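The values are calculated or read from the model by the stated rules, or taken from the named source; none is laboratory data. Note that the structure is predicted; figures quoted are calculated from it, not measured. Cβ coordinates were reconstructed from backbone atoms using ideal geometry, including for glycine residues, and neighbour counts include every protein chain displayed.
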Ligand code: SF4
């Protein structure tokens, strides 16, 4: 069996009870500090989003947290680029921006480097304007599983309990109910499976796109795409 398939088998065998035990033992409550939704200094917010999650966010109803609707257009006018950008890792600098091939989408950012769906109310309390439709990486922050081929969120791993890793977050160490720990555990398992399925599909479908200078191509589980999410079609 190939390594990614072996990791996928392990992900499918993860026990929700054991994951919830680990999450309960580490402890977590979101303080709404916004640190996992914002950039840090020069570092832009960078979080993986799956293609179907991009489409969900394209259509998502958004809350008017900051009084002007946040940084994304209304759902009726929102398009792929408002939601996602090519994951920058592996791309190189070109005079007009980035170029090359990449293998994931990242949540779009605003002019401050924060997630485009992040907004603060008048008291400075942060919120996701698409909370109900937020991607799995957001639903499961600050946790990840220690399986090769799964993505790690922003922030150093600071704690580990069995297969569960916890990343830098001021909400760690707080009491969590069993129900919430189990919900998080289910989302964490779903994310690990989805990430590995995505990685296998990308590997199997990959054909070098040979981008032109200044061109970016994103390979995802649905094929090679342009930065606006449209399929890359090359003349035969
Ligand atoms: S989609 Fe929402 S929860 Fe996820 S990083 Fe953006 S603002 Fe935060």
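Looking at 13, 47, just one residue is closer than 21 Å to residue 197 by Cβ and free of Cβ contacts under 8 Å to residues at least 24 places away in the same chain, and that residue is 13. The single condition from (1) surrounded by 19 or more Cβ atoms within 10 Å (Cβ to Cβ); (2) touching a strand residue (DSSP E or B) at 6+ places or on another chain (Cβ under 8 Å) that residue 185 fails is (2). Scanning the stretch 115-128 for residues that are farther than 30 Å from residue 201 by Cβ and near the ligand (Cβ under 10 Å from one of its atoms) yields 119, 126, 127. Within the stretch 132-175, count every residue that is at pLDDT 90 or above, out of contact with any helix residue (DSSP H, G or I) (no Cβ under 6 Å at 6 or more places or on another chain) and away from the ligand (no atom under 14 Å from the Cβ). Residues flagged as at pLDDT 90 or above, out of contact with any helix residue (DSSP H, G or I) (no Cβ under 6 Å at 6 or more places or on another chain) and away from the ligand (no atom under 14 Å from the Cβ) within the stretch 132-175 amount to 10. The one condition from (1) outside any helix (DSSP H, G or I); (2) surrounded by 18 or more Cβ atoms within 10 Å (Cβ to Cβ) that residue 170 does not meet is (2). Would it be correct to say that residue 100 is at pLDDT 90 or above, surrounded by fewer than 20 Cβ atoms within 10 Å (Cβ to Cβ) and more than 19 Å from the chain's Cα centre (by Cα)? Against the criterion (at pLDDT 90 or above, surrounded by fewer than 20 Cβ atoms within 10 Å (Cβ to Cβ) and more than 19 Å from the chain's Cα centre (by Cα)), residue 100 qualifies. When residue 84 is tested against (1) within 30 Å of residue 173 (Cβ to Cβ); (2) in contact with a helix residue (DSSP H, G or I) (Cβ under 7 Å, 6 or more places away or on another chain), only condition (1) is not met. Among the residues of the stretch 199-211, those identified as touching a strand residue (DSSP E or B) at 6+ places or on another chain (Cβ under 7 Å) and either part of a helix (DSSP H, G or I) or surrounded by 15 or more Cβ atoms within 10 Å (Cβ to Cβ) (or both) are 202, 205, 209, 211. For the structure I just gave you, tell me whether residue 22 is closer than 30 Å to residue 117 by Cβ and touching a residue at least 60 places away in the same chain (Cβ under 8 Å). Criteria met by residue 22.
Exactly one residue out of 63, 35, 20 is farther than 17 Å from residue 153 by Cβ, within 13 Å of the ligand (Cβ to nearest atom) and surrounded by 14 or more Cβ atoms within 10 Å (Cβ to Cβ): that is 63. Every condition in (1) in a loop (DSSP other than H, G, I, E, B); (2) at pLDDT 95 or above holds for residue 63 except the one numbered (2).
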